[in-house]
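Input: a single structure, listed below in structure tokens.
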Amino acid sequence: MAKQFIKGNEAVVKGAILAGCRAFYGYPITPASEIAEAAAYYFPLVGRTFLQAESEIGAINMVYGAASAGIRAMTASSSPGISLKQEGISYAAGAELSCVIVDITRGGPGLGNIAPEQSDYNQMVKGGGHGNYKLIVLAPNCAQEMCDLTMLAFELADRYRTPVVVMADGFIGQMMEPVEFPSPVPEGDLPPKPWATAGTAETHKNLITSIDLEPDDLERHINNLYAKYAEIESAEVRYEEFMVDDAELICVGYGVVARVLQSAVEQVRAEGKKVGLFRPVTLWPFPEKRLARLADDGRKLFVVEMSKGMMVHLEAV
Amino acid sequence: MAETIFRKAKSFYDIYERKGGANKEVTHYCPGCGHGILHKLIAEAMDDFGLKEHTVFISPVGCSVFAYYYFDCGNIQAPHGRAPAVATGMKRANPKSVVISYQGDGDLAGIGGNEILQAANRGERISVFFVNNAIYGMTGGQMAPTTLLGMRTTTSPHGRKAGNEGYPLGMCELLSTLKAPAYVERVALTDAKHIMQARKAVRKALKAQVDGKGFTFVEALAACPTNWKVPTREANRWIVEMLEPVFPVKLFKDEIESRESEALEDRTYGPADVVAALDLPTEEPDIAFVRSPQAIKDPQIKVAGFGGQGVLLLGLALAQAGMRAGYHATWLPSYGPEMRGGTANCHVRISEHRIGTPLVHDSDVLIAFNGPSIDKFAPMVKPGGLILYDSSLVDRTIERSDVKAYGLPFTEVADKELGNGKASNFVAMGAFIVASRGVFDEGVVKSILPLVIKRKNMIELNERAVAAGMRIARDALAS
Ligand SMILES: Cc1ncc(C[n+]2csc(CCOP(=O)(O)OP(=O)(O)O)c2C)c(N)n1
Ligand code: SF4
Ligand SMILES: [Mg+2]
């Protein structure tokens with residue numbers, strides 16, 4: 001298809017619809033509101049559900065219900081709203097529900113401000129909710145990826161029965177760029193969900209729950225979750241490298257930071273210095289093996305984040 | 001109680017396998033607990049209407065968290081208080097299903113107060129069964145929003161006081177003031193007569209849902225002998241003497257008969273409908289544009305002025321024209337507080353290569369529509385760069401000799417020549433085409449105007465604005 005010049009936030013919505021997302025539940029917050037606004041406009045045009053919930057808590061629980069029914073469903077918000085969703089996200093991870101959560105991050109703590117920041121790293125990648133779980137976290141750095149990674153998020157959510165996060169900063173959400181949209185995923189290509197509670201005869205014996213009263217049962221459940229996470233770690237690591245082959249210093253950053261670093265690398269290269277860029281696309285699973293290998297070769301890593309440093313403490317080798 | 005008279009409902013499992021433990025034929029509820037009675041009434045109604053295969057039962061956090069041990073239907077266990085939101089997502093995913101939100105008083109009237117209020121107010125087509133036992137049963141007898149004044153609980157050991165904890169919350173009273181709910185009734189799970197009434201209410205609520213009549217709500221006054229610390233045989237009397245005076249048993253609202261049944265949309269949307277609805281371009285337009293070797297290379301552009309001067313729109317048009325002419329392009333607006341106080345600016349990059357940062361700090365080109373923008377951004381233009389500013393509005397002179405600066409009367413031309421001052425931004429666009437030595441041309445800009453200008457009748461005006469801008473720029477550059 002031809003390219004369309006479009007805002008990152010709007011590309012998320014079109015990508016979601018192309019991926020067969022049937023329901024969007026949201027609540028306004030800058031700089032994520034365009035996602036809810038675009039969803040409010042487009043979802044009803046194709047017979048799908050848009051609802052502005054009473055709160056982010058309401059929204060994530062509506063997604064919980066929709067995902068239990070087995071349809072592709074999503075919500076989107078920004079940092080303070082994501083804090084409110086954490087209980088629901090933990091439940092969804094525990095109940096192994098497929099759903100997509102978009103976070104267009106802003107400044108914090110507290111009300112902070114609406115400027116772009118990457119200080120949601122811990123609450124998304126390390127788990128802001130309670131319990132033993134992990135979320136797949138995808139970090140787009142352009143409008144095209146806002147579409148592509150949203151579509152991928154639905155695919156991964158279904159494949160692994162897990163909530164998937166698309167986390168972008170306010171710049172990536174607000175900027176406009178050309179996007180080439182793929183064709184809609186045919187309905188017949190969506191994976192069947194025999195485990196769902198779809199309100200049908202075939203599914204009426206099913207149960208969606210995150211409770212395991214017996215400690216042994218819960219431990220078994222968590223071990224199963226972690227076996228699944230290990231599978232995700234071995235199959236779903238994604239990253240991008242730019243001029244790393246001969247680099248002596250490698251800049252590491254994600255989201256808009258990676259874009260800024262790309263420009264910096266180009267400038268410094270012009271001065272003859274050997275620098276490169278490493279961009280994690282999946283913040284979890286983090287590309288730690290690849291990064292460790294690059295570091296083992298004696299190169300220095302230079303980690304840049306729009307936060308006080310969250311990825312650097314926890315992941316960089 | 002009348003339990004033993006009836007056969008076990010088919011909507012219950014025969015053996016409660018999910019329950020675990022030794023005795024899988026009895027429930028986990030305490031003797032005399034109201035939950036067991038209400039479960040039975042619901043299961044019997046599901047039997048009678050043949051609903052079990054299409055019902056999804058949402059259990060709350062509370063003693064009824066394990067309702068899914070018993071009901072032979074789809075089951076979802078929801079976070080504390082959120083069952084009405086979960087029910088909303090479920091019901092809207094499959095409007096033909098029958099969705100039950102089953103909740104206790106802590107769950108519904110306490111932590112989930114907003115979820116129930118808003119679901120009721122939206123008229124979600126679900127049935128809510130609300131067990132009011134005036135206490136937090138599961139957690140061991142703490143105060144609930146429905147706890148009576150003076151009543152001692154583990155968290156109101158001196159008795160509930162209105163001045164400290166407020167009054168018992170009447171949910172039927174509250175919800176029946178809303179327009180959307182079709183049916184709101186309070187019943188009591190006490191003697192056979194009242195249980196028959198409750199049975200009717202449960203049936204009515206479920207039938208109304210099957211018929212697509214809207215939101216239905218049944219509150220059941222129910223015993224919790226364990227946490228009331230009242231012997232089971234006295235629990236009914238306690239409901240009658242203590243609860244009912246505060247929570248009167250009555251029909252609060254019933255509009256089921258007068259409501260229209262909801263009609264379900266059954267239209268399906270194919271891939272072509274989706275592409276059309278999303279307004280996706282299907283083929284690349286044919287643009288005969290050849291890049292000029294003299295053009296400014298990979299310009300980083302800052303456009304700035306007052307809000308309302310079309311600054312963001314001009315930036316967008318520049319970027320779109322760049323894309324149409326085959327370049328990579330980005331557009332980033334200033335947003336939020338930066339925009340307050342009436343100034344606006346945006347960052348545009350047009351490049352033959354993949355673009356790194358979308359932020360423009362030191363620009364190659366500045367297009368400025370007011371004095372403050374010149375003050376702020378002119379010093380940041382790179383040596384050898386280009387400044388185009390609206391001389392109709394800017395009274396500054398530019399003190400830099402290392403840049404090319406052209407003051408052109410964008411607003412005056414738009415005003416006098418085109419009769420619309422608002423077109424000044426596209427006059428500037430024309431000037432950019434000429435002064436940038438053809439990053440793109442007039443034809444390219446013409447082709448993107450319909451994409452950026454929503455009002456069709458303004459397109460022709462802006463085409464003329466571009467032409468006028470090109471003319472005045474040519475004149476200025478020649479002199
Ligand atoms: C977020 C959260 N807060 C608190 C709890 C603890 N909790 C579990 S059940 C319950 C109260 C249940 O009371 P009610 O809704 O009246 O149900 P009942 O047991 O009386 O039927 C509470 C506070 C929880 N599970 N989750
Ligand atoms: S504690 Fe109360 S509400 Fe819970 S099962 Fe026992 S009697 Fe029922
Ligand atoms: Mg209670």
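Tabulated results
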read-out	value
Backbone HN-Hα couplings from phi across segment A:56-63 [Karplus 6.51/-1.76/1.60, Hz, Gly and Pro as x]	5, 5, x, 4, 5, 6, 5, 4
Selection of GluC sites (Glu not before Pro), segment B:359-444, meeting DSSP coil and at most 10 other Cβ within 10 Å	B:399
Cβ neighbours within 10 Å from other chains - mean over A:41-48	4
Amide H contacts under 5 Å for residue A:113, placed H, 5+ residues apart	A:107, A:108
Residue exposure sequence - A:12, B:249 - by fewest surrounding Cβ within 10 Å	B:249, A:12
Cα principal axis extents for segment A:142-288, largest first, Å	67, 39, 25
Ranked list, fewest to most other Cβ atoms within 10 Å of each Cβ, for B:331, A:284	A:284, B:331
Percent of Cα pairs exceeding the 38 Å cut-off, where the set is chain A	13 percent
For residue B:343, residues with placed amide H under 5 Å, excluding near neighbours	B:307
Loop trypsin sites (Lys or Arg not before Pro), segment B:41-113, which have at most 13 other Cβ atoms in a 10 Å radius of their Cβ (DSSP)	B:96
Of the DSSP H helices in chain B, those whose Cα atoms cover at least 18 Å axially and whose Kyte score averages 1.0 or more	B:311-324
Antiparallel bridges, percent of DSSP beta bridges restricted to segment A:3-189 (to nearest 5)	25 percent
Residue-averaged 222 nm ellipticity for chain B, from DSSP H runs of 4+ at -39500 (n - 2.57), nearest 500	-9000 deg cm²/dmol
Percentage of interatomic Cα-Cα distances in segment A:235-317 larger than 18 Å	35 percent
Sorted largest first, extent of chain B alpha carbons per principal axis (Å)	105, 53, 46
Three principal axis lengths of the protein assembly as shown [C-alpha, angstrom, descending]	104, 65, 55
In Hz, Karplus ³J(HN,Hα) per residue of segment A:144-154 (6.51, -1.76, 1.60; θ = phi - 60°; x = Gly, Pro)	4, 6, 4, 6, 5, 6, 5, 5, 4, 4, 5
For B:194, A:221, B:361, order by how many other beta-carbon atoms lie within 10 Å, fewest first	B:361, A:221, B:194
In order through segment A:276-285: 3J(HN,Hα) via Karplus (6.51 cos²θ - 1.76 cosθ + 1.60), integer Hz, x for Gly, Pro	x, 9, 10, 10, x, 8, 9, 7, 9, x
For residue B:156, distant residues with modelled amide H under 5 Å away	B:143
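FYI, it's all coordinate maths here, none of it is from the lab. Since we're looking at a predicted model, the values are computed, not measured. Please note: Cβ atoms are built from the backbone with ideal geometry, for glycine as well, and neighbour counts cover all protein chains shown.
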